[in-house]
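**Student:** I am attaching a structure below and will ask some questions about it afterwards.
The values are calculated or read from the model by the stated rules, or taken from the named source; none is laboratory data. Fair warning: this is a prediction, and the values are worked out from it, not measured in the lab. Cβ: placed from backbone, ideal geometry, glycine included. Neighbour counts: every protein chain shown. The protein model used for the area step is the full one, side chains on, heavy atoms only, and it has no ligands, DNA or RNA in it. Shrake-Rupley method; radii C 1.70, N 1.55, O 1.52, S 1.80 Å.
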Amino acid sequence: QVQLVESGGGLVQAGGSLRLSCAASGTIFSINAMGWYRQAPGKQRELVATITSGGSPNYGDSMKGRVTISRDNSKNTVYLQMNSLKPEDTAVYYCNQHGTRYWGQGTQVTVSS
């Protein structure tokens, strides 16, 4: 059974940085593309970034230029480095085995002004 567990969220001041992690188990991690999404209260879930099995990133418009997605296949982990955070980045951030029904439980990111 595929399990995705996010960590690294928290409360940060505007302009600050956070690095989210998503640890995968029960899957052949290295052959799967992975993604990060976010959902703010009252809004639809939106793409933040994806990364192919080969490590090529793709970024959504919402945080482009302020985030970097990366992966460590030896640790079955995908990361999301977020910089220059804004209050509007406040959301629950979810990890996804891209294109599948497998999602993590989410990690809350709150950015204070």
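**Student:** Write out, first by first residue and then by second, each pair whose Cβ atoms fall under 9 Å of each other, whose residues are 6+ apart or on separate chains, and whose first residue, in the range 2-29, is at positive phi while the second is open to solvent by 60 Å² or more (accessible area, probe 1.4 Å) and small (G, A, S).
**Tutor:** That search, which allows pairs on different chains as well, returns G15/S84.
**Student:** So, one more: For the subset of the range 93-110 comprising residues that are more than 12 Å from the chain's Cα centre (by Cα) and open to solvent by less than 80 Å² (accessible area, probe 1.4 Å), which member is farthest from A24 (Cα to Cα)?
**Tutor:** Top of the filtered list is T110.
**Student:** Report whether or not T68 is open to solvent by less than 50 Å² (accessible area, probe 1.4 Å), polar (S, T, N, Q) and either out of contact with any helix residue (DSSP H, G or I) (no Cβ under 9 Å at 6 or more places or on another chain) or free of Cβ contacts under 8 Å to residues at least 60 places away in the same chain (or both).
**Tutor:** In short, no.
**Student:** Kindly provide the set of residues from the range 1-60 that are touching a Lys or Arg at 6+ places or on another chain (Cβ under 7 Å) and more than 16 Å from H98 (Cα to Cα), ordered by number.
**Tutor:** G8, A14, Q39
**Student:** Starting from the range 77-92, keep only residues that are within 11 Å of R66 (Cα to Cα) and open to solvent by 30 Å² or more (accessible area, probe 1.4 Å), then list their pairs with residues that are among the basic types (K, R) and not in a strand (DSSP E or B) whose Cβ atoms are within a distance under 6 Å, requiring at least 6 positions of separation or different chains.
**Tutor:** Partner pairs satisfying both residue conditions: N83/R66; S84/R66.
**Student:** Here's another thing I want to ask about it. Take the residues in the range 12-59 that are part of a strand (DSSP E or B) and exposed (fewer than 12 other Cβ atoms within 10 Å of the Cβ); name whichever of them is nearest to the chain's Cα centre (by Cα).
**Tutor:** Step by step, filter the range 12-59, then rank; the result is S25.
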